[in-house]
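The values are calculated or read from the model by the stated rules, or taken from the named source; none is laboratory data. Quick caveat: nothing in here was measured; it's all calculated off a predicted structure. Quick reminder, even Gly has a Cβ in these numbers, built from the backbone with ideal geometry, and neighbours come from all protein chains shown.
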Amino acid sequence: MSKIKFAVIGLGHIGKRHAQMIKNNEWAELVAGIDCNATLKADIESTFGCPFFNSAEEFFASGIKADVINVCTPNGLHAQHAILALENACHVVVEKPMGLTKADCEKVIYKSLQAHKHVFCVMQNRYSPPSAWLKQVLTEGRLGKIYMAQINCYWNRDERYYKKGGWKGTLDLDGGPLFTQFSHFLDIMYWLLGDIKNITARFENFNHAYTPFEDSGAVNFDFYDGGLGVFNYSTSNWDKNLESSLTIIGEKGSIKVGGQYMDKVEFCHVKDYEMPELPPSNPPNDYGAYKGSAANHHYVIENVIDTLQGKSTATTNALEGLKVVEIIERIYALKAK
């Protein structure tokens, strides 16, 4: 089989990680790096051995062929760049969130169907061993009827993160912590327990007067498949992240997956069940002053290649990416009431 050719749009922290994971895969070839910051040119070309372009339009005009475009630009540009890639007959890997509105995500899906191309949504926490194990436990029905589920995400994002002149902290490009920091964990919730209804919420902005959105919230809801749910989140934790945890109380047992990045099984007591030993989780993405979710992007690239080579299917498809955005949109809509 021939190598899958990739180009990456947006070469910040996460875009460079995509580029490195592509470079590390024997079945992948990085054919271009694309970013509006021209000062990155020398570094990108020397580090990754590929040509640099200042815009997606410039790249597509070059005649260089790419099978896949990895969209790693600011959140508010994801849908726009995904559609441009699809219009140029490329598959798309889009970082979370897929867009900032359900309507934009629908446009991406519509264009992908027209172009007969895949859209892969990056939700790499699904690859963490505790997440994969919990999915199996729930699929097998080992907890019985679900009574309650609680997600707690308490992170730090302060002046070290929200630098003046950048896109982070803006309404049109960032969108808020549920999009930028915690969409991974809403995805895990949706993946494991399904859609939600009867949403109520409270929001506060404790420490981020320089952003147009809240830094903390407490969201309550019901699951369509039964059970009560709550999602508590904050980026006001002092100095460093505290935890990202999921506790599920069921008819036949209880489980808590915790740690800073939902990477450790802290409690498992289930009727007639002995928990297996899980492989270790990968460490979080380290960005210096702050840290993000698990460093699982190599699995994302592997899944894209395996899917395009007919060996697998997309781990997170475009409809699932849209659903996470739609849930966030419904939660944030409550701020206007």
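Here Gln260 fulfils each of the conditions (1) touching an Asp or Glu at 6+ places or on another chain (Cβ under 7 Å); (2) surrounded by fewer than 13 Cβ atoms within 10 Å (Cβ to Cβ) apart from (2). Residues in the stretch 1-34 that are in contact with a helix residue (DSSP H, G or I) (Cβ under 7 Å, 6 or more places away or on another chain), free of Cβ contacts under 8 Å to residues at least 40 places away in the same chain and not in a helix (DSSP H, G or I): Leu30, Ala32, Gly33, Ile34. When we screen Gln114, Gln124, Gln150, Gln136 for residues that are polar (S, T, N, Q) and at pLDDT below 95, the only hit is Gln124.
If you go through the stretch 189-219 and pick out every residue that is out of contact with any Leu (no Cβ under 6 Å at 6 or more places or on another chain) and part of a strand (DSSP E or B), you end up with 12. For the residues Asn241, Asn232, Asn237, Asn198, the requirement of being without any contact (Cβ under 8 Å) to a residue 60 or more places away in the chain, out of contact with any Gly (no Cβ under 6 Å at 6 or more places or on another chain) and either closer than 29 Å to Thr73 by Cβ or in the same structural domain as Lys145 (by TED's automatic domain parsing) (or both) singles out Asn198.
For the residues Ala218, Ala209, the requirement of being over 30 Å from Leu308 (Cβ atoms), touching a Lys or Arg at 6+ places or on another chain (Cβ under 7 Å) and free of Cβ contacts under 8 Å to residues at least 40 places away in the same chain singles out Ala218.
Regarding Asp222, is this residue within 24 Å of Gln136 (Cα to Cα), modelled with pLDDT of 95 or more and not in a helix (DSSP H, G or I)? Yes; evaluated as a whole, the condition is true for this residue. The requirement of being within 24 Å of the chain's Cα centre (by Cα) and surrounded by fewer than 24 Cβ atoms within 10 Å (Cβ to Cβ) is not satisfied by Leu40.
So, Asn237, is that one modelled with pLDDT of 95 or more, closer than 30 Å to Pro212 by Cβ and touching a Cys at 6+ places or on another chain (Cβ under 8 Å) or not?
No, not satisfied.
Taking the stretch 49-82 as the range and being closer than 25 Å to Ala314 by Cβ and part of a helix (DSSP H, G or I) as the test, the residues that pass are Ala56, Phe59, Phe60, Asn75, Gly76, Leu77, His78, Ala79, Gln80, His81, Ala82. On inspection, Ala89 passes the criterion of being aliphatic (A, V, I, L, M) and within 28 Å of Gly63 (Cβ to Cβ).
When residues in the stretch 243-301 are screened for being aliphatic (A, V, I, L, M), farther than 23 Å from Gly229 by Cβ and either modelled with pLDDT of 95 or more or assigned to a strand (DSSP E or B) (or both), 4 of them pass.
Restricting attention to the stretch 157-175, the residues that are over 15 Å from His13 (Cβ atoms) and either touching a Pro at 6+ places or on another chain (Cβ under 7 Å) or not hydroxyl-bearing (Ser, Thr, Tyr) (or both) total 9.
In the stretch 41-59, the residues that are of a type in the set (S, T, N, Q) reach residues that are part of a loop (DSSP other than H, G, I, E, B) with C-beta atoms within less than 7 angstrom, at least six apart or across chains, in these pairs: Asn54/Cys36; Ser55/Cys36.
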